[in-house]
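Notes to accompany the following structure.
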Amino acid sequence: MDRRNIQSMADEAYDLVVIGSGPAGQRGAIAAAKLGKRVAIVDQRALVGGVCLHTGTIPSKTLREAILYLSGFRQRAFYGRDYSLKDDLSISDLTSRVQIVLARELEVIRAQLKRNNVTLLCGKATLGDSHHVVVTSDEGGSTRVCARHILIACGTRPARTPSIPFDGERYLDSDQILQLRELPREMIVVGAGVIGLEYASMFSALGVRVTVVDAREQLLDFADRELVEMLCHVMRQQNALFRLGDGIQEVSLDARGRIVARLTSQRVVRGDVLLYSAGRQTNADLLDLGAAGLSADNRGRIAVNANFQTDVPSIYAAGDVIGFPALAATSSEQGRLAACHMFGVPAAAAPNDLLPYGIYTIPEMSMVGATEQTLQAEQVPYDIGMARFGELARAQMMGVDSGLLKVLFHRETHRILGVHTIGDSATELIHIGQTAMALGGTIQYFRDAVFNYPTLAEAYKVAGLDGTNRL
């Protein structure tokens with residue numbers, strides 16, 4: 001659509017209007033602005049930065065760092081399982097760091113948008129049609145703006161169920177977890193996906209007795225089985241319990257005000273709080289998609305092509321609203337690629353098999369490339385180079401008593417097919433394997449490379465030697 005025609009239909013016209021200011025929206029807006037386009041982002045004033053900044057990635061990972069530090073978790077290999085840096089930890093001890101980080105990140109985001117001349121329109125967005133967005137302010141006034149292109153990056157919110165009486169105190173979803181007034185002694189976590197396991201492992205590291213309930217028999221079925229087993233082993237050592245293949249039938253409060261949850265197996269579990277983290281749903285249902293000729297599936301996901309373009313050519317979508325992998329890093333890149341395509345700028349995308357995945361449990365996990373399960377299913381001849389963190393001097397110095405790194409490689413070509421790691425700094429270490437894979441590296445590269453000593457990265461050297469010995 002010609003921009004001059006757009007201009008004639010409304011007072012405000014932009015080359016791109018982005019709905020949502022999370023990672024996908026930010027990156028898409030800034031990429032378009034750097035191309036000299038007039039860009040606006042629509043989001044509520046209190047949510048600039050999106051779920052990622054306010055209730056998702058940033059606060060949860062900051063909380064994790066506070067827990068690791070204040071609980072003394074990393075020092076327990078030296079000073080005993082009951083060691084804590086601070087006695088009588090309170091919620092305010094843990095959340096004070098979160099508030100500092102959020103404030104600083106919000107400043108960074110606002111400064112980036114301002115520096116790139118991206119207009120921030122505060123309010124709730126709905127679609128008027130394929131080239132119009134209606135912005136409703138908190139005060140109730142509405143403004144209709146035009147756009148040559150629209151990028152939907154509206155994110156998600158926690159899924160809920162009518163059987164749980166969410167009150168923000170005893171019954172919480174993952175967006176409400178930082179509203180806890182005090183640390184519980186016992187916690188029930190419903191849903192053992194990434195978010196549920198992250199919070200379950202954090203609270204169990206604090207000494208909270210956590211019971212994880214999930215209807216699935218197997219956890220994180222996309223991850224390496226050995227890594228998942230190690231995670232569960234560490235969590236069980238921290239007094240976490242797993243009730244898999246089971247679900248919540250009903251909940252109630254006992255005479256002491258504690259939650260009593262009856263499971264479908266008729267088992268009963270108790271806790272001071274219940275965290276419900278069984279999935280998320282997109283915010284697409286709030287946008288009036290039909291007005292622009294769009295629709296979403298039963299989970300609110302919007303279908304896009306390889307260029308993140310919807311069935312309506314002028315409208316693109318990126319981030320959690322389009323589904324898996326729904327990560328901040330991948331969402332950010334999707335936003336950039338969408339902006340490049342809509343304005344005809346060539347852009348190279350990383351192959352899907354080179355996208356890293358990080359899970360910020362305690363211990364953290366990360367992976368890139370193929371798993372043993374997929375290689376076996378595809379009958380690919382492969383072997384493994386293995387390094388256990390217990391073999392690394394740096395790990396001993398740090399008090400890291402569990403962790404491993406696996407390098408999967410082709411038995412005939414020796415090219416690296418996948419890397420999987422669990423333990424301290426796993427989400428940092430994975431990028432070495434990711435780079436080696438992108439450059440067509442072989443297991444011999446790690447065998448022959450020289451790594452600083454002592455480091456955790458030396459695990460790649462150990463895995464390289466182990467892998468070539470198998471040959």
*Across segment 199-223, which residue is nearest to ILE362 (Cα to Cα) among those that are surrounded by fewer than 23 Cβ atoms within 10 Å (Cβ to Cβ) and in contact with a helix residue (DSSP H, G or I) (Cβ under 7 Å, 6 or more places away or on another chain)?*
LEU206
_Any pair with Cβ under 9 angstrom, 6 or more apart, that starts in segment 210-230 at a residue that is assigned to a loop (DSSP other than H, G, I, E, B) and ends at one that is acidic (Asp, Glu)_ = ALA215/ASP246; ASP224/GLU372
*Pairs where the first residue, in segment 27-52, is farther than 17 Å from GLN334 by Cα and the second is among the charged types (D, E, K, R) and assigned to a helix (DSSP H, G or I), C-beta under 7 Å, 6+ apart*: VAL48/ARG110
_Quick check on segment 238-257. Is at least one of its residues buried (at least 19 other Cβ atoms within 10 Å of the Cβ) and part of a helix (DSSP H, G or I)?_
no
_ARG256 being farther than 30 Å from GLY369 by Cβ, free of Cβ contacts under 8 Å to residues at least 12 places away in the same chain, in the same structural domain as GLY191 (by TED's automatic domain parsing) and among the charged types (D, E, K, R)_ = yes
*Could you pull out the residue among LEU375, LEU327, LEU355 that is without any contact (Cβ under 8 Å) to a residue 40 or more places away in the chain and either under 21 Å from ILE416 (Cβ atoms) or surrounded by fewer than 16 Cβ atoms within 10 Å (Cβ to Cβ) (or both)?*
LEU355
*Please give the number of the condition ARG394 fails out of (1) part of a loop (DSSP other than H, G, I, E, B); (2) more than 27 Å from the chain's Cα centre (by Cα).*
(1)
*asked:* It is to be established whether one or more residues within segment 309-322 are of a type in the set (Ser, Thr, Tyr), crowded, with 19+ Cβ neighbours inside 10 Å and either assigned to a helix (DSSP H, G or I) or touching a helix residue (DSSP H, G or I) at 6+ places or on another chain (Cβ under 6 Å) (or both).
replied: yes
*Collect the residues in segment 163-192 that are polar (S, T, N, Q) and either within 19 Å of HIS54 (Cα to Cα) or free of Cβ contacts under 8 Å to residues at least 12 places away in the same chain (or both), keeping them in residue-number order.*
SER174, GLN176, GLN179
*Of the conditions (1) more than 27 Å from LEU16 (Cα to Cα); (2) acidic (Asp, Glu); (3) under 29 Å from the mean Cα position of the chain (by Cα), GLU107 clears all except one; give me its number.*
(1)
*asked:* So ASP288 passes all but one of these: (1) in contact with a Gly (Cβ under 8 Å, 6 or more places away or on another chain); (2) more than 18 Å from ARG27 (Cβ to Cβ); (3) at pLDDT 95 or above; (4) of a type in the set (D, E, K, R). Which condition number does it fail?
replied: (1)
*Which of the residues that make up segment 104-134 are farther than 21 Å from TYR14 by Cα and either touching a Gly at 6+ places or on another chain (Cβ under 8 Å) or modelled with pLDDT under 95 (or both)?*
GLU105, LEU106
*Among the residues of segment 241-261, count how many are under 28 Å from the mean Cα position of the chain (by Cα) and more than 23 Å from ILE177 (Cβ to Cβ).*
1
_Members of segment 145-166 found to be assigned to a strand (DSSP E or B) and either within 19 Å of TYR316 (Cα to Cα) or of a type in the set (Asp, Glu) (or both), listed by number_ = VAL145, CYS146, ALA147, ARG148, HIS149, ILE150, LEU151, ILE152, THR156
*Which residues, counting only those in segment 104-143, are part of a loop (DSSP other than H, G, I, E, B) and hydrophobic (A, V, I, L, M, F, W, C)?*
VAL118
*Among the residues of segment 439-469, write down those that are touching a Gly at 6+ places or on another chain (Cβ under 9 Å), of a type outside the set (A, V, I, L, M), in a helix (DSSP H, G or I) and within 27 Å of PRO351 (Cβ to Cβ).*
GLN444, TYR445, PHE446, ARG447, ASP448, TYR460, GLY464, ASP466, GLY467, THR468
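Residues are listed down the side, and each one gets a yes or a no for (1) assigned by TED's automatic domain parsing to the domain that holds LEU47; (2) touching a residue at least 60 places away in the same chain (Cβ under 8 Å); (3) under 30 Å from LEU294 (Cα atoms):
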residue: LEU106; (1), (2), (3): yes, no, no
residue: GLU139; (1), (2), (3): yes, no, yes
residue: SER142; (1), (2), (3): yes, no, yes
residue: CYS154; (1), (2), (3): yes, yes, yes
*asked:* When the residues of segment 262-286 are narrowed to those that are more than 22 Å from LEU178 (Cα to Cα) and not β-branched (Val, Ile, Thr), which ends up surrounded by the most Cβ atoms within 10 Å (Cβ to Cβ)?
replied: ALA284
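The values are calculated or read from the model by the stated rules, or taken from the named source; none is laboratory data. Predicted model, so just to flag it, every value in this text is computed and none were measured. Because the Cβ atoms are built from the backbone with ideal geometry, glycine has one as well, and the counts that use them run over all protein chains shown.
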